[in-house]
Amino acid sequence: MENTTIVETHGLTKRYGSGVLAVDSIDMSVRRGEVYGFLGPNGAGKTTTLRMLVGLIRPTSGTATVAGHTPGDPKGLGKIGSLIESPGFYPYLSGRENLRVIADMASVSQKRVDEVLDLVELASRAGRKFGTYSTGMKQRLGVAGALLKDPELLILDEPTNGLDPQGMAEMRKLIKDIGQGDRTVLLSSHLLGEVEQICDRVGVISNGKLVKQSTVQDLLGEEGVLVRAQPIEQAHEVLTKMFGADVISRQDGALHLKTKPSNSVDINRQLVAAGIGVSELRPFERSLEEVFFQLTGEKQGS
């Protein structure tokens with residue numbers, strides 16, 4: 001198992017006091033070399049789980065193995081780089097000076113400082129004081145600090161939090177680049193599009209429970225056909241006769257059918273024969289948003 005997984009938990013639980021169950025018996029596995037998205041709404045237990053994985057807090061019960069060791073073990077920490085919650089640096093030191101401080105504390109060569117600054121595309125602004133950095137630059141420097149040890153496992157907690165759209169796109173590209181090769185990236189997020197674009201596998205957490213863990217492709221699941229036609233009520237009747245009412249739903253002025261795209265020819269023929277005008281007929285996949293709301297019981301738009 002250690003050869004294929006870099007994070008493994010069994011029954012991992014964190015309870016605060018007698019009432020607050022922040023993380024509820026999580027069984028999760030992160031495979032070596034993948035980008036794993038830990039997806040859930042704010043307050044679902046993502047940060048608490050990540051803090052347990054790096055040894056910042058102790059679980060109430062359950063076990064975890066991270067990079068071949070128990071959380072907090074110095075041998076394991078040497079293989080891990082992390083950015084949990086917001087990056088903390090000295091505001092009066094430059095970005096480069098802050099990284100040099102971390103490098104000294106971690107017994108890392110100073111040559112590595114310029115390497116990671118280049119990696120996160122911050123070299124040209126590394127001489128500026130951290131206190132003058134934008135949110136995006138601070139996040140980049142935080143990732144650079146996490147990369148100093150050239151870790152096998154990089155743990156990032158909401159890495160695009162507070163960024164504007166351009167900054168989010170840049171951070172997504174950075175994570176994709178970092179996740180190439182043998183390095184594993186475990187990132188938490190509440191942004192569905194972010195996870196769908198950059199992750200190989202996803203674990204969905206809701207109210208402290210891991211409700212699903214699979215590849216993004218498997219999570220999206222069943223294929224189907226989207227139909228836009230007028231009059232839509234008559235189209236609905238025709239398609240109900242063809243496939244049954246339980247496979248048809250109406251969304252955004254279109255009909256969604258849970259059927260194979262290969263049935264599109266028959267669908268078009270039947271609708272046209274009934275005098276219905278078809279303006280769009282194409283395969284579709286469920287969005288991660290739909291799957292997420294179905295799994296967590298959250299209401300769309302809430």
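Out of the range 16-118, which chymotrypsin sites (Phe, Trp or Tyr not before Pro) are coil in DSSP terms and have no more than 12 other C-beta atoms within 10 Å?
Here the sparse-neighbourhood loop sites are Tyr92.
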What lysines could a cross-link reach from Lys14, if we take a straight Cα to Cα line under 22 Å and drop same-chain neighbours fewer than 8 places away? Lys46, Lys209, Lys212
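Treating only the Cβ atoms of Lys and Arg (+1) and Asp and Glu (-1) as charged, compute the dipole magnitude of the range 1-110 about its Cα centre; round to the nearest 20 debye. List each step's numbers first, then the result.
On the way: 11 positive and 9 negative charges, 21 e Å.
Its charge dipole is roughly 100 debye.
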When the convex hull of the Cα atoms of the range 72-111 is projected onto a plane and the area is averaged over all directions, what value comes out in nm²? 3.5
Theoretical ellipticity at 222 nm over the chain - DSSP helices of four or more residues, -39500 (n - 2.57) apiece, nearest 500: -9500 deg cm²/dmol
From Cα pairs below 8 angstrom and at least 6 apart in sequence, can you work out the relative contact order of the chain, rounded to a whole percent? 20
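Suppose we flag GluC sites (Glu not before Pro) only when DSSP calls them loop and at most 11 other Cβ atoms lie within 10 Å. Which is the longest uninterrupted stretch of the chain? Walk me through the numbers on the way to the answer.
Working: sites that count: Glu2, Glu222.
Free of exposed loop sites, the longest segment is 3-221.
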Provide, for the range 74-198, the number of lysine pairs with alpha carbons under 19 Å apart, each pair being eight or more places apart or on different chains. 9
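Only Lys, Arg, Asp and Glu count, each charged at its Cβ (+1, +1, -1, -1), so figure out the dipole size of the chain about its Cα centre, rounded to 20 debye. Present the calculation step by step, with values, prior to reporting the outcome.
Details: 35 positive and 37 negative charges, 134 e Å.
Using Cβ point charges on Lys, Arg, Asp and Glu, the chain gives about 640 debye.
Per residue, how much space in cubic angstrom lies within the convex hull of the C-alpha atoms of the chain? Don't skip to the answer; put the middle values down first.
Values: hull volume 50.2 nm³, N = 302.
Per-residue hull volume (Cα only) is 166 Å³.
Just so you know, all these numbers are worked out from the coordinates, no wet-lab data involved. Quantities reported herein were computed from a predicted structural model and do not represent experimental measurements. Heads up, the Cβs are rebuilt from the backbone with ideal geometry, glycines too, and the neighbour counts pull from every protein chain shown.
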